[in-house]
1. Please tell me the relative contact order of the chain in percent, rounded to the nearest whole number, where contacts are Cα pairs under 8 Å and at least six residues apart.
2. Please determine, in degrees from 0 to 90 and to the nearest 10, the orientation of helix 2-44 with respect to the longest principal axis defined by the Cα atoms of the chain, where the helix direction is its Cα long axis.
3. Angle between the Cα long axis of helix 47-92 and the longest principal axis of the chain, 0 to 90 degrees, nearest 10?
4. Convex hull over the Cα atoms of region 36-82, averaged projected area in nm²?
5. Could you give the accessible area per residue of the chain, probe 1.4 Å, as a whole number in Å²?
6. Summing +1 for each Lys or Arg and -1 for each Asp or Glu, what net charge is found among the other residues whose Cβ lies under 13 Å from the Cβ of R5?
7. Mind running the shape call on the chain? Use the C-alpha gyration tensor, a ≥ b ≥ c as the square roots of the eigenvalues: rounded below 1.5 for a/c, prolate if a/b tops b/c, oblate otherwise.
8. Dipole size in debye (nearest 20) for the chain around its Cα centre, Lys and Arg Cβ +1, Asp and Glu Cβ -1?
Amino acid sequence: MVERRLTDVSTQLKELRRELAVTDEQLAQLSDEAEDARLRSLVSETPLAEREHREASRHAEAMQRHRGEVAGDIARLEALQDELLDKLLDTSA
């Protein structure tokens, strides 16, 4: 039972780590776009440029929150994995 849960947790961790890598790439892109939009907004001083800046910033902030959630899930699963490994060692000792 413990071994099966450990395998499941390991699989979930692999998937979440892949998702985190993709999220990091997307976050970098969105942050760059938000910074570019901010600069365009400062230079042009038009309502359209300001709206584009706000929208780009919201997208980057949403991706940052998503990244935090994924990282939190990884931390939670790593803690669970440690507990399961401890149980596995206790039962085999």
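The values are calculated or read from the model by the stated rules, or taken from the named source; none is laboratory data. Quick caveat: nothing in here was measured; it's all calculated off a predicted structure. Methodologically, a virtual Cβ is constructed for each residue, glycine included, from the backbone with ideal geometry; neighbour enumeration extends over all protein chains shown. With ligands, DNA and RNA removed, areas are computed over all heavy atoms of the protein, side chains included. Shrake-Rupley method; radii C 1.70, N 1.55, O 1.52, S 1.80 Å.
1. Details: 58 pairs, mean separation 41.9, N = 93.
About 45 percent, as a whole number.
2. Taking the Cα atoms of the chain, the angle to 2-44 is about 10 degrees.
3. For helix 47-92, the angle is close to 10 degrees.
4. On the way: hull surface 13.3 nm².
The Cα convex hull of region 36-82, projected and averaged over all directions, gives 3.3 nm².
5. Values: 6690 Å² over 93 residues.
On a per-residue basis, the chain sits at 72 Å².
6. On the way: positive: R4, K87; negative: E3, D8, D82, E83, D86.
Surrounding charge for R5 is -3.
7. On the way: a/c = 5.82, a/b = 4.91, b/c = 1.18.
Prolate is the answer for the chain, as a/c is 1.5 or above and a/b outweighs b/c.
8. Working: 14 positive and 22 negative charges, 34 e Å.
It comes to approximately 160 debye.
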